[in-house]
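Reading through the structure tokens given below for one structure.
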Amino acid sequence: MTKRSRRTLDQDDPLCCCEYIDRHGGRSHMAACCCDCEDLDEACDRWMKKESQNPGSLSRVVATISDRLRVPWISGARQVDLSLIPPLILLPVFLHIAALHYLLGIVVLTAVPIMVIWYYYFTHRKKGRTLFFLSLALFSLFYMFYLFITEIVPHGDVNHLQLCAVTAGVALTVISLIITKRGPGYVRPCPSDTHSTVTYHKPPPDVDAAYLNGEQHQVVIANRAGPPEQTDESGTAQESVQRRNWCTVCKVVRPPRAGHCRICGVCILRLDHHCVWINSCVGQANHLSFLLMLVFFLLTSLYGISLVLRNVCPHQSVMTALLYCPDVYKQYSSALCFTCAWYSSLVTGGLLHLLILQLINVSFNVTEREARLAVREKTGRRRLWGLVVDTGAYSRGFWSNWTEFITMSKASELSNHKTSDLV
């Protein structure tokens, strides 16, 4: 099959709601999702002829399917990431299976965390971006809230004030997530270091087209390939610091406490860590909203779990109902709610551990990245039974550390640039 010529995008010719820019930079339409797929044709021909597949052919087929899986949008068809779909299907299936019998519940609630942890290390090892964990987190939140509305509230044991409290908790969690996703605070080059700005109308060859979604984006090009050099002797110390903080990928001098995220591919101000649950880095601009999101979620989850257990196990206290709730599997609806309470408890336990570590790190004014570097370079001290690594570099006392943490986001300029904006 010969390749069809692709019409290049005209800057003045806007996309309709069903058009998009494919991964090759050509203009395409959603109606042509099954047309001109040479990779799929070749794979099918080889399979029918019982021939071995070419190296990378299956990955190209998956990339083509992922590129053409889109939904109509005002400014052009938006791509749907394949990693979004599995949680939407698997989570309800697993929870309904676990509600059939308590032994199935033990197996499912043990297997699900193991699979999630395995997939985390699988993707973390490849340093790739995935929306699987964000999809799982959001769908878990909304699915638990949906079951709470449809299974618990109709029983009449939840009053309007309690329903409003749970609803407000879910809303505050989502709002905090939206604020957190605005950006962690990117390291921008100084105006004197900027050589020129290039606007791409299709993804450059070294940029992931799936992440850029085929949109136009600007790239700032630095005017030198290395850190600035000092000519006088007084600038020798500054030159050594700049060389140590020079990022060869972003072509910028990182300020103190900034770091380069290999997953996002950009330097972040006061980088703490890359959180897969929000599919973004946690840095100077969004660290406070990240903690608020954790607090809102944990409070909502704990309160919702208590309401569910009081409904399905009315004769047991909340503390013991999670471990001992007789006759809960006699009705499928109560068994499903009990299973969801256990699932929510597992998620809440993991996020509570994360929140505690974050609060301790903030109290000692140390980031997770700085703690890892201190452990690797043996420059820090473990304190509080190993929960925190005290580097002693930036700590100014408990109250001063928290004051700096609360006010630091105001000093960071929120940027809408994507991770490829600085080269």
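The values are calculated or read from the model by the stated rules, or taken from the named source; none is laboratory data. Just so we're clear, the structure is a prediction, and the values are computed from it rather than from any experiment. Using ideal geometry, Cβ is built from the backbone for each residue, glycine included, and neighbour counts are taken over all protein chains shown. Just the protein is used for accessible areas: all its heavy atoms, side chains included, with ligands, DNA and RNA removed. Shrake-Rupley method; radii C 1.70, N 1.55, O 1.52, S 1.80 Å.
Mind grabbing the accessible area of Cys264 for me, 1.4 Å probe, Å², rounded to tens?
10 Å²
Which order do Glu370, Glu404, Glu377, Glu151 take by accessible area at a 1.4 Å probe, largest first? All intermediate terms of the calculation are to be shown ahead of the outcome.
Numbers: Glu370 20, Glu404 75, Glu377 115, Glu151 50 Å².
Output order, biggest surface exposure first: Glu377, Glu404, Glu151, Glu370.
Using a 1.4 angstrom probe with every protein chain in place, what is the largest-first accessible-area order of Val93, Val158?
Values: Val93 70, Val158 20 Å².
Greatest to least solvent exposure: Val93, Val158.
Largest first, what is the accessible-area ranking of Arg369, Arg78, Arg376, Arg70 with a 1.4 Å probe?
Values: Arg369 55, Arg78 80, Arg376 170, Arg70 20 Å².
Result, largest first: Arg376, Arg78, Arg369, Arg70.
Hey, what do the phi angles of the stretch 312-326 turn into as Karplus ³J(HN,Hα) couplings, whole Hz, using 6.51/-1.76/1.60 and θ = phi - 60°, x for Gly and Pro?
Values per residue, Gly and Pro as x: 7, 10, x, 8, 10, 6, 5, 5, 9, 5, 5, 9, 9, 9, x Hz.
Report, by chain and number, residues whose modeled amide H sits under 5 Å from the one on Arg70, excluding near sequence neighbours (fewer than 5 apart, same chain).
The answer is Val80.
Might you work out the accessible area of Arg270 for me, using a 1.4 Å probe with all protein chains in place, and round it to the nearest 10 Å²?
That residue has around 20 Å² of solvent-accessible surface.
Would you kindly find the accessible area of Ile74, with a 1.4 Å probe and non-protein molecules such as ligands, DNA and RNA excluded, rounding to the nearest 10 Å²?
Its heavy atoms expose roughly 150 Å² to the probe.
Amide H to amide H, which residues 5 or more places from Val187 or on other chains are under 5 Å from it, using H placed in the peptide plane?
Cys267, Ile268, Leu269
Between His353 and Ile114, with labels modelled 7 Å along Cα→Cβ, what's the label distance in nm to one decimal, could you check?
In this crude label model, His353 to Ile114 measures out at 1.6 nm.
Summarise the accessible area of the stretch 282-364 (1.4 Å probe, protein heavy atoms) by the percent that is carbon and sulfur.
The C+S portion of the solvent-accessible surface of the stretch 282-364 is 71 percent.
With a probe of 1.4 Å, find how much accessible area the stretch 285-412 has per residue, and write the answer as a whole number in Å². Kindly include the intermediate steps, with their values, before the conclusion.
On the way: 6960 Å² over 128 residues.
Per residue, the stretch 285-412 has 54 Å² of solvent-accessible surface.
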